[in-house]
Structure formats: C-alpha cells, structure tokens
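Contents: one structure, followed by commentary.
The values are calculated or read from the model by the stated rules, or taken from the named source; none is laboratory data. All values derive from a computational prediction rather than experimental measurement. Quick reminder, even Gly has a Cβ in these numbers, built from the backbone with ideal geometry, and neighbours come from all protein chains shown. Just the protein is used for accessible areas: all its heavy atoms, side chains included, with ligands, DNA and RNA removed. Shrake-Rupley method; radii C 1.70, N 1.55, O 1.52, S 1.80 Å.
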Amino acid sequence: MRTSQLYAPTLREVPAEAEVISHKLMLRAGMIRKAAGGLYTYLPLAWRTIKKIEQIIREEMDSAGGQEIAMPIVQPSELWKETGRWEVYGDEMFRVNDRHGREFCLGPTHEEMVTSIVRDEVRSYKQLPLMLYQIQNKYRDEIRPRFGLMRGREFIMKDLYSFDKDEEGMRVSYKKMYDAYTNIFTRCGLTFRPVEADNGAIGGGGSHEFTVLADAGESSIAYCEKCDYAASDEKAELKAIHAVQEEALPLEKVATPGTKTIALLADYLKIPVEKTIKAVAYQTETDEVVLAFVRGDHEVNEVKVLNSVGAIALRMADEAAIRAVGGEPGFMSPVGIKKGTKIVADATVMEMVNAVAGANEADAHYKNVTPKRDFGEVIVTDIRLVQEGDPCPRCGAPLKMTRGIEAGQVFMLGTKYSEALHATFLDESGKEKPLVMGCYGIGVGRTMAAAIEQNNDKDGIIWPRAIAPFEVVVVPVNAKVPEQLELAEKIYGELKAAGVDVLLDDRKERAGVKFKDCDLIGYPLRITVGPKAVEEGTIELRVRKTGETFNETKETYLAKAREILKTL
C-alpha cells in the first residue's frame, strides 16, 4: 500500500468531542469518524487493525475447538420472551417491528438465538461438547454513549457459546476459553489481568473479566501483590471487620438537627465516622423498597445488593417510597421499619457495638445501636465496595487498586438458558437433561481502543506490532528526488517480498509532515531513505516505541528490520 492511495485523513487539532486518549488519537490519526452518538465508521487504518485482532481471535478459537457460525442480527421477540429477558432487558435493547407488526430486536447478545439453534439439532450426549462462535456487530442503546469505541451503541464482538453434558464438562470448556483469551491478549501485545467478576444481567455462575490495564479504564480492580487474587470492585470479596469489644449500652434517641449526611452527623455528635451507620434506599424493577446499611466510612456496592435480594435492577428510592415503609430520608435505620421490608446489612455493620443510626424521624438518631440486638430480621452479607488497603480475602495482605478496560469476559452460564428454552439432550442412560452452557465475549473494537490507551505518548499511538495497521513504513525524505523515491520503492518491494506488512509514504510532502503522521499513526518501525541512503548507502531504522535509531546498509537493513520486529 502507498500513502498517496491510502484514505487516512489525519487531523492536527484534538477534536472537541473526544474525552479519552484512544478516542482523540483515533480521530486525529484518521482511523474513525463519528456518524452519530455511539456510532462510528471504521476507516482503512482502523479496519486493518480490526481484521488483525479478529484473525488472532479466530486462530485461538479454532485451536480451542470453536466452530465459527453467523447468526442473524435481527432476532424474534419470542425467543427472548421464553427466557423472560424481553420484558426485563430494559431500554438498552433496540426493538423494531416488521411490516406485519411482529416484534424483533437488534441483537445485544445471542444466548437465546444460539440456544434455540442447538436445541433444535442436538439430541445426544455423543454430540457434546460443542463450541460455536461468531464475530459480529452487536447493538445496545446506551443511555450515554461515550469514550469513542469504549461504550458505543454499535460494536463488534466475538461471542462463543459452549454446550456440555455436565458441570465438569462446562468447567473444561471454561478453562479452554480462559487459556485462549490469555493467548489472544498476549498475542495482541497487551498488559492485562484476568479478574473475578460479577455475572450481571447475563446470569449464571463464575466469571472472569480480561482487563487491559489503563488509567482511562472504567473498571476498578482490586488485586493482591502477595497472592494471585484479583477481582473487579463489583465482585471483590470483603470479610467482616470486627469492632473493638465493649459493653452494649441501652438504645437512646437524640436530637440531631440538620444532620442528613454522615459527615455532618459525626461532626455534630463529635464521634468518629467509623461509629456511624450509613443508609441507602433503593427500589427494584417491581418498585419494592430495599434498604442497605454499611458502616459510615464505607460505600454500598449496588451489584452486591442487587444479587443479595435477587432483583434485576435497582434505582434510588423516592421519598414517598421510603416513608411508605416507615423510613425518613436522611435519618434511616432498620429500627422501626415496616415488617416485610427487604433490609440488607453489611456483615461489618453487624459487628458494630454502640453505633449511631437513624431514628426514622426527622432530625433524630439513635445512639448505642448494637445491630445484632436492635436490627431484627435483616439479610446479612458483604455489600460494601472495596477500598485500597482492605485485606485480601485469600491471604489477608492489603489490597491495591488499579484501573482497567474490560476487553473480554468469560461466564459459566450453567442451565439458565437451556432450561428456559427447553434445550435438552439424552445422557448415557437415556435420561433427558438440560445442556450446561458457558459464554465468552471479546469486544473487538474495544480491544483496539484499549491497546491505544495502554500504548501512546505525546506524539501519538505506539502500536504493538501484531495489531498495527502496518508493521513498517518506508519514508523517502524527499519523494520529489527520483533517486530517493526509487531506492524507497526498492526497499518497499523487498520488504513485501519478505512477508512484511509495509506501507510506502510516497507523498510529495515535507519530511516533517510525514514523520509527524508516522508517529501519530504509530507504525512500529520507520525506515527512512534520505540523501545519505542515496550517496553513502546508509539507511535509517527508527523504533517508534523507544525512539532508538539504527543505521544499516542496503545489504543489512532487511535482517535488522526482521530482528527489531521480533521484539515489538
């Protein structure tokens, strides 16, 4: 490919719409253009990288036993209604009607579709295990699309689904995919970490996120330096913190005017924040009120609360709903709440003695609250959000926190979808059983964006060689000089013949312009053909990642280029 023929409209200014580095650089490097909020056109450079990532994925999926298929993007509502997800998936689902008034959706995911395919064909355990995958566009109507390809409404995903005869088989398939994902992200040249994760709306059992470490990541990760424990902040397990033992004093109501926040309350009563109990009120998708309680210096983990009560979604409760169960906004505790209300208390709260909690009336709190004595019937579990320094649940060492971008996730689904869709098989004894499933997704465009977030500097992108749009760019300093262009053409041809993915920048632009574009776009290796190359036979090789330069002859440059590329 020659740059004079390449459609890569680079920009010198940072677009105002771009917030994160990958978004800014993909726009500036002429890789993507916005069509509408959360919708982007991939231009040639981006598409070359996408295809390279997809090829790595295909090779690893095929090697692990996956078989590629292509399912419809437009899915009938009947399948989703069978699993109950048509009603509960929410506003993120794009829903459409055909000319006959029949309901369809644009696939946000394909569990229902693939299960129905296997349900209609698989009859015997002899046909298992089975792993089917596709690489295809997905559609989710995000309430606030942002960060370029990080959170869009249309995106490319690889999704594989495994079908086994039992849980043991599912775990074997899960391990194959876990290993395949490790290979994929390693081959893409990324620094990543598999972390324990919550299954979320997809349901099922265990799950791991493959998180590319980057400051701009939306995911917060807790990890231990003394053992291999790592988990998303939504999933991180936390053991109860035991309070200092003291004699439990009688409950006492006190006036606390205007103290609707924990900080104001602690200041007013001159007590440590650790002696207070924080309340957060939610409503579920059915408008049921859920009250959650954590220690005053902790934050509520909404995902854990959601899982603890078996709800599908939570939103902040309105004041009328809070009062309907006997609570008072800003002054809540379980003491005096209407019977039957769902109350979830963090395990650490239940260890507290002589704490301060709301009295469920305006401007009043209870002192000397001992939850084991005073709270009555509550769900006790871990519902707090992890913080740096919390003890590792495996070894007890202080946890560290970092940020990352979720590029892939693997799930143990179990029989959630096969039971709902009646996808069964006959086992060795002729007994009908539900298929045991797993599902495994990789965001292809998100992986590209994550690579940029992790690999950039003030001048632009620094691509890992495996997924760079081109591995090498050959730049004649002055393409108007026939001798320079002729030698550059010769080098370009030799590199192509050697199997190198190479671009020739044959534009008759100033050298500075071409060099800036090379750094902005991030080609791993630049080969410069200038006056010295013509007059003395000296060819310059420059490594984008390190800035190192090597001067080689016409006879040695190719071997040196190959040697450098092996390290990138």
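So here's what we get for this one:
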| quantity | calculated |
| --- | --- |
| Subset of the range 447-476 (residues that are open to solvent by less than 40 Å² (accessible area, probe 1.4 Å), over 30 Å from residue 115 (Cβ atoms) and in a helix (DSSP H, G or I)) | 449, 451, 452, 453, 467 |
| Matching residues, the range 553-568, being over 39 Å from the mean Cα position of the chain (by Cα) and farther than 14 Å from residue 474 by Cα | 553, 555, 556, 559 |
| Per-region count, the range 531-568, residues outside any loop (DSSP other than H, G, I, E, B), charged (D, E, K, R) and open to solvent by less than 70 Å² (accessible area, probe 1.4 Å) | 4 |
| In the range 249-272, residue nearest to residue 90 (Cα to Cα) [restricted to those that are among the hydrophobic types (A, V, I, L, M, F, W, C) and open to solvent by less than 50 Å² (accessible area, probe 1.4 Å)] | 262 |
| Output for the range 55-91, where each listed residue is under 30 Å from residue 284 (Cβ atoms), open to solvent by less than 40 Å² (accessible area, probe 1.4 Å) and in a helix (DSSP H, G or I) | 77, 79, 80, 83, 85, 86 |
| Subset of the range 389-424 [acidic (Asp, Glu) and touching a residue at least 24 places away in the same chain (Cβ under 8 Å)] | 390, 406 |
| Those residues of the range 311-325 which are open to solvent by 30 Å² or more (accessible area, probe 1.4 Å) and among the small types (Gly, Ala, Ser), in sequence order | 313, 320, 324 |
| Answer from 161, 181 - the residue that is part of a helix (DSSP H, G or I), touching a residue at least 12 places away in the same chain (Cβ under 8 Å) and open to solvent by less than 40 Å² (accessible area, probe 1.4 Å) | 181 |
| Per-region count, the range 378-425, residues open to solvent by less than 20 Å² (accessible area, probe 1.4 Å), in a loop (DSSP other than H, G, I, E, B) and farther than 30 Å from residue 291 by Cα | 3 |
| Residues of the range 426-446 classified as open to solvent by 20 Å² or more (accessible area, probe 1.4 Å) and of a type outside the set (D, E, K, R), total | 4 |
| Residue 537, sole failed condition from (1) modelled with pLDDT under 95; (2) in contact with a strand residue (DSSP E or B) (Cβ under 7 Å, 6 or more places away or on another chain); (3) on the phi > 0 side of the Ramachandran plot | (2) |
| Inter-residue pairs, beta-carbon under 8 Å, first of a type in the set (Asp, Glu) and in the range 249-269, second open to solvent by 70 Å² or more (accessible area, probe 1.4 Å), 6+ apart | 252/367 |
| Those residues of the range 113-129 which are in contact (Cβ under 8 Å) with a residue 40 or more places away in the chain and not in a loop (DSSP other than H, G, I, E, B), in sequence order | 113, 114, 115, 116, 117, 118, 119, 124, 125, 127 |
| Qualifying residue in the range 268-277 (condition: in contact with a strand residue (DSSP E or B) (Cβ under 8 Å, 6 or more places away or on another chain) and under 24 Å from residue 207 (Cβ atoms)) | no |
| Odd one out for residue 45 among (1) assigned to a helix (DSSP H, G or I); (2) surrounded by fewer than 20 Cβ atoms within 10 Å (Cβ to Cβ) | (2) |
| Residue among 496, 490 that alone is over 42 Å from the mean Cα position of the chain (by Cα), open to solvent by 40 Å² or more (accessible area, probe 1.4 Å), modelled with pLDDT of 95 or more and within 20 Å of residue 4 (Cβ to Cβ) | 490 |
